[in-house]
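Chemist: This is the structure I have questions about; it appears just below.
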Amino acid sequence: MRVISLVPSLTETLIDCGINVVGRTRFCIHPEHSVESIAVVGGTKDVNWDLCETLKPDLVVMDREENTLPMAEDCPFPLHATHVTSIESVGTELQKLASVVSDTALDQLGKDWQVLADIPDLDFRGFTELPAVFDRVGERSSGFERIEYMIWRNPWMAVSQQTFIGSVLKKVGLSDFMPDHEKPYPELDASRLPDPDTYYLFSSEPYPFGRHVDALSQAGFNGALVDGEFYSWFGSRSYRLLKQYMETHV
């Protein structure tokens with residue numbers, strides 16, 4: 001089966017499971033040794049269907065959170081869209097995809113995710129022990145009442161508990177620190193930032209916060225630059241990373 005994947009974490013997962021991926025987005029960067037030879041057909045919010053036609057795909061893979069509804073509506077090829085909203089939903093969604101591509105390895109990964117989802121959430125031991133931290137932002141590292149996981153700037157955007165990222169934050173023990181936003185990806189009031197009682201987790205993606213660590217510190221933010229792939233990718237990569245962290249911190 002010839003598959004075009006428009007979801008970075010699923011591109012890596014499909015390749016890891018031996019699926020013939022013939023098209024990808026420019027954000028599909030893993031596994032590096034494999035994706036270099038796979039045609040780029042657009043991004044996660046745009047796609048060149050004429051270019052896709054030349055690849056003769058049997059299936060296009062999308063995700064309802066990652067890609068747009070117009071992309072799905074315009075897709076001229078057989079389409080399967082996952083809908084991953086939490087750690088608990090990953091296993092079921094991967095098994096559904098496995099049934100479409102007839103792959104036992106992907107089905108097993110789905111079952112492994114279900115086992116991981118059943119592991120009790122960790123008890124948080126301190127902001128200095130957060131997983132996947134690249135760099136420190138600001139001078140303070142303790143004494144905070146809440147955390148915000150930041151994914152964008154101009155406008156400032158965070159995530160709620162009702163997202164996959166939110167479920168990962170809860171799994172590593174941050175439930176008590178997470179505000180109860182009504183929208184999955186709320187826009188924060190810039191005039192109230194930074195809040196001195198909030199610890200900010202600046203994701204390395206989709207916004208390149210890694211380029212602005214010094215500026216964020218100077219602006220008065222306290223928190224950390226974290227690996228967005230750990231917190232937001234669902235599939236083989238995040239399974240390995242999260243499973244390892246959970247096993248070493250139980």
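Chemist: Are any of the residues in the stretch 177-196 in a helix (DSSP H, G or I) and either at pLDDT below 95 or closer than 17 Å to LEU130 by Cα (or both)?
Modeler: Looking for residues that are in a helix (DSSP H, G or I) and either at pLDDT below 95 or closer than 17 Å to LEU130 by Cα (or both), one finds at least one in the stretch 177-196, hence yes.
Chemist: Another question, if that's okay. Quick check, is ASP103 surrounded by fewer than 17 Cβ atoms within 10 Å (Cβ to Cβ) and over 16 Å from the mean Cα position of the chain (by Cα)?
Modeler: Criteria not met by ASP103.
Chemist: Among (1) surrounded by fewer than 17 Cβ atoms within 10 Å (Cβ to Cβ); (2) under 27 Å from ASP63 (Cα atoms); (3) assigned by TED's automatic domain parsing to the domain that holds ALA224, which single condition is ILE151 missing?
Modeler: So ILE151 meets the others, but not (1).
Chemist: Only one of (1) among the small types (Gly, Ala, Ser); (2) part of a loop (DSSP other than H, G, I, E, B); (3) closer than 23 Å to PRO208 by Cβ is not met by GLY173, so which one is it?
Modeler: Failing condition for GLY173: (3).
Chemist: Collect the residues in the stretch 136-170 that are of a type in the set (D, E, K, R) and touching a Phe, Trp or Tyr at 6+ places or on another chain (Cβ under 9 Å), keeping them in residue-number order.
Modeler: If the condition is that a residue be of a type in the set (D, E, K, R) and touching a Phe, Trp or Tyr at 6+ places or on another chain (Cβ under 9 Å), then ARG140, GLU145, ARG146, GLU148, ARG153 are the ones that fit.
Chemist: For the stretch 24-39, what are the residues that are farther than 15 Å from ALA81 by Cβ, surrounded by 14 or more Cβ atoms within 10 Å (Cβ to Cβ) and within 20 Å of the chain's Cα centre (by Cα)?
Modeler: ARG24, PHE27, CYS28, ILE29, HIS30, PRO31, VAL35
Chemist: Which fully enclosed helices (runs of 4 or more DSSP H) of the stretch 200-250 have 1 or more residues being of a type outside the set (D, E, K, R) and crowded, with 24+ Cβ neighbours inside 10 Å?
Modeler: Per the criteria, 228-232, 236-249.
Chemist: Can you go through GLY110, GLY138 and tell me which one is surrounded by 16 or more Cβ atoms within 10 Å (Cβ to Cβ), under 18 Å from the mean Cα position of the chain (by Cα) and not assigned by TED's automatic domain parsing to the domain that holds GLU66? If you could, list the steps in order and put the result at the bottom.
Modeler: Working: GLY138 fails: under 18 Å from the mean Cα position of the chain (by Cα).
Matching residue, one of GLY110, GLY138: GLY110.
Chemist: On to the next question. Evaluate the following for ASP135: is it touching a helix residue (DSSP H, G or I) at 6+ places or on another chain (Cβ under 6 Å) and assigned to a loop (DSSP other than H, G, I, E, B)?
Modeler: The answer is no for ASP135.
Chemist: Hey, could you check the stretch 154-166 for residues that are within 17 Å of the chain's Cα centre (by Cα) and assigned to a loop (DSSP other than H, G, I, E, B) and say which is surrounded by the fewest Cβ atoms within 10 Å (Cβ to Cβ)?
Modeler: GLN162
Chemist: Could you count how many residues in the stretch 6-24 are of a type outside the set (A, V, I, L, M), under 17 Å from GLU229 (Cα atoms) and touching an Asp or Glu at 6+ places or on another chain (Cβ under 9 Å)?
Modeler: Adding up the residues that qualify gives 2.
Chemist: Considering only the stretch 23-45, I want to know if a residue exists there that is without any contact (Cβ under 8 Å) to a residue 60 or more places away in the chain, closer than 19 Å to GLN108 by Cβ and hydroxyl-bearing (Ser, Thr, Tyr).
Modeler: no
The values are calculated or read from the model by the stated rules, or taken from the named source; none is laboratory data. Computed from a prediction, not measured in an experiment: that's the story for all the values here. For neighbour counting, all protein chains shown are included, and Cβ atoms are generated from backbone atoms with ideal geometry for every residue, glycine included.
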